[in-house]
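Some notes on the structure that comes next.
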Amino acid sequence: MDDKKQLGELIKRIRIRNGMTQTEFGALVDDSTKSMVSKWERGETSPNSHRKAILIHLAEKVGINLYPNDEVEGLRNYIEREFYRIYGEFVSKQLEEPNEQFQRAVLALNPEQLREDAIQSAYPTYSEQEVNPDDYKSIVYNYLKLRINGQVEAYPSSDDQIVNRLITEIESLEAKLFLYYFTPDGYKYNMEELSTKQYEQLHNILDFTRFQLKNLSQK
C-alpha cells in the first residue's frame with residue numbers, strides 16, 4: 001500500500017478496535033510515541049519495517065488486513081502450508097555433510113517460532129515488491145538459510161564462549177528476579193506471597209553460580 005493516508009486510516013482503525021489511546025497503542029508498537037502514532041494516522045509518516053510487522057499482528061487480532069496484497073497473501077498462505085516440509089528438506093540437505101556446529105545450532109532452534117516469524121515478516125519484507133508464486137519456495141529457503149546460518153555463527157563453539165554465555169544468562173536472570181520482587185526504584189512489592197527471604201535465597205543461588213562460572217573461565 002503506497003497511499004500513506006489510506007494506511008494511516010487503517011492504523012487508526014486498528015487502534016480504535018483495540019480500544020486504546022495513541023499513547024497506549026504506541027507503547028505496544030515498539031515503544032512508539034503518541035506523536036509518532038498521530039503522524040502515522042494523519043498519513044504524514046509511515047512506520048518502519050519492524051513496527052509494520054507489529055502492526056500487522058495487531059491488525060490480524062481485530063480482523064483487519066493492513067497490507068492487502070494478493071501476491072504476499074499467497075506467500076503467507078504458502079508458508080503456513082509448506083514451511084515444515086521445506087524446513088525438513090533444508091535441514092536434511094545440510095546434515096548430509098558432517099558439520100557439528102550446524103547440528104548443534106539447528107537443535108537449539110524452534111521450528112514453530114521460525115514458521116511464525118516467517119509468516120509475520122512476509123508483509124513488511126515484500127509488501128512493496130512483486131512476488132511471483134514460482135519464487136515462494138526459494139523465498140522460504142533463503143529465509144531459512146539466513147536464519148539458521150545466523151544461528152550457527154552466533155552459537156558458542158568453545159568452552160570459554162559457553163561459560164561466558166551462561167554468565168550473561170545468569171546476570172539476566174538476576175535482573176529478572178529483582179523485578180519480580182521489587183520496583184525499579186528498589187521498593188519491595190507488598191504482596192504477601194512475595195518473601196524477601198525467598199528472594200535472598202534465590203539471589204544467592206544465582207550469585208554463587210555466576211561466581212563459580214567466572215572462576216572456571218579464569219582457570
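Other residues with beta-carbon under 12 Å from the beta-carbon of Lys12 carry, at +1 per Lys or Arg and -1 per Asp or Glu, a net charge of +4. Please identify the GluC sites (Glu not before Pro) of the stretch 1-70 that satisfy two criteria: DSSP loop assignment and at most 15 other Cβ atoms within 10 Å. Which are they? Qualifying residues, ordered by number: Glu44. The listed peptides 205-216, 80-91, ordered by packing as a protection proxy, come out as 80-91, 205-216 (highest mean of other Cβ atoms within 10 Å first).
Our helix-only sum for the chain, with -39,500 (n - 2.57) per DSSP H run of n ≥ 4 divided by its residues, gives a mean residue ellipticity at 222 nm of -23500 deg cm²/dmol.
No lab work stands behind these numbers, since they all come straight from the coordinates. In this text, all values refer to a predicted model and were calculated from it rather than measured experimentally. A quick note on method: Cβ atoms are made from the backbone with ideal geometry, for glycine too, and the neighbour counts reach across all protein chains shown.
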